[in-house]
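Structure record follows, encoded as structure tokens.
The values are calculated or read from the model by the stated rules, or taken from the named source; none is laboratory data. Everything numeric in this text was worked out from a predicted model, so none of it was measured. We place every Cβ from the backbone using ideal geometry, glycine too, and count neighbours over all the protein chains shown. With ligands, DNA and RNA removed, areas are computed over all heavy atoms of the protein, side chains included. Shrake-Rupley method; radii C 1.70, N 1.55, O 1.52, S 1.80 Å.
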Amino acid sequence: MKISAIVTLKNDVLDPQGKVVSQTLKNMGYKNISQVRQGKYFEVHLDEKNPAKCKEVAEQMCKKLLSNTVIEEYKISISE
Amino acid sequence: MKSSVIVFPGSNCDRDVAVALEKFQIKNQMVWHNDLSLPKSDLVVLPGGFSYGDYLRTGSIAGKSKIIKEVIEHAKNGGLVLGICNGFQILTETGLLPGVLLRNKDLKFISKNVYLKVTNTNNVFCTNFKKKNVVEFPIAHNEGNFFANDNLLNKLEDQNLIAFKYCNNKGEINDEANPNGSSKNIAGVLNEKKNVLGLMPHPERVIEPLLSGKDGSLLFESLLK
């Protein structure tokens, strides 16, 4: 199965890269942008058929390595 | 006094800090990150550099390296741990120190000398700063923007765990003297037991007046007491 994890900075953490991207998009003419947050995307392929187990492993991976929960939050999805 | 400097792939201040330790008669040994056991040491130093190419997050991969379990054990048993620059980032990733180091506010790598106010001199790393508590150290980092939530910042202040703050040459702590956007101008913090110190500036680069200055000597001399 495939684990997809999106890691982004928490809302109260300054994201200077996101700010620069937002400003650049505005300069390009996309005036109605209110905010851009930049993040990371991980795909982990796992030899495991049970989605519940995958979810559990994914949670651990995100907590222990893929994100730093002091500043980041993560969203997990599981697919075939 | 005996020390161990942990060397990761991408460390580049490991030999500088070894020279500094030896200058102050601290018997030092270099320890490779893949080693499973730590030589008997009073002090463990995590040096500056770009461990594992700063992949994922600065310090995150080094924070899971084999030797780190031993370093955490050493710290839990009261042993001294000093993390400089990337070493500080690694210590926050392991949880030995609170907070986290984000990308500099202006997204630029900063390499310059800064002034620091030593805000806690009652710990084994900083006793010698009592005679001079505004010092000049170099910084060289891309991720030195110390971040912690308000609760943690209050706790750090209340428990006096902030060791160094960025200031101007008069010792005034203000926004202009903050090079990287760190919360409350924090440049270095201690753990609760005050046996673990992490700081972004480089004391090991200012131990020789002929080359650069000598304010960093105060830190190494403090350790000898």
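Note that region A:2-79 shows a convex hull volume over its alpha carbon atoms of 103 Å³ per residue. Residues whose amide H falls under 5 Å from that of B:Leu102, counting only those 5 or more places apart or on a different chain, are B:Asn145, B:Phe146, B:Phe147, with hydrogens built in the peptide plane.
Between rounded, prolate and oblate, where does region B:123-225 land on the alpha carbon gyration tensor, with a ≥ b ≥ c its root eigenvalues, rounded for a/c under 1.5, else prolate if a/b exceeds b/c? It is oblate, given that a/c is not under 1.5 and a/b is not larger than b/c. Convex hull of alpha carbon positions in chain B: directionally averaged projected area 11.0 nm².
Multiplying the residue separation of B:Glu73 and B:Phe109 by 0.36 nm and subtracting their alpha-carbon distance yields 9.6 nm. Which of the residue pairs B:Lys131/B:Lys214; B:Lys76/B:Lys130; B:Lys2/B:Lys194; B:Lys132/B:Lys184; B:Lys23/B:Lys64; B:Lys2/B:Lys214 have a Cα-Cα distance greater than 24 Å in the structure shown? Check vs 24 Å cut-off fails for B:Lys76/B:Lys130; B:Lys23/B:Lys64.
For chain A, with all protein chains in place and a probe radius of 1.4 Å, 52% of the accessible heavy-atom surface sits on carbon or sulfur.
DSSP finds beta bridges in region B:2-99, and of those with both partners inside it, around 5 percent are antiparallel. Sequentially through region B:99-107, phi angles give Karplus couplings (6.51, -1.76, 1.60; θ = phi - 60°) of x, 7, 10, 8, 4, 3, 3, 8, 6 Hz, Gly and Pro residues having no value and appearing as x.
Per residue, the convex hull spanned by the Cα atoms of the protein assembly as shown amounts to 153 cubic angstrom. Legend: mean number of C-beta atoms from other chains within 10 angstrom of residue C-beta atoms, peptide A:60-73, equals 3. Taking Cα atoms only, the orientation of helix A:51-61 departs from the longest principal axis of chain A by about 60 degrees.
Taken along its principal axes, the alpha carbon cloud of region A:1-42 reaches lengths of 41, 22, 14 Å, longest axis first. Annotation for region B:148-182 versus region A:25-71: alpha-carbon center distance of 31 Å. Residues of region B:182-207 with backbone nitrogen within less than 14 Å of a virtual label 7 Å along the Cα-to-Cβ line of B:Leu152, please, listed as ranges. Counting only backbone N, you get B:182-184, B:186-192, B:198.
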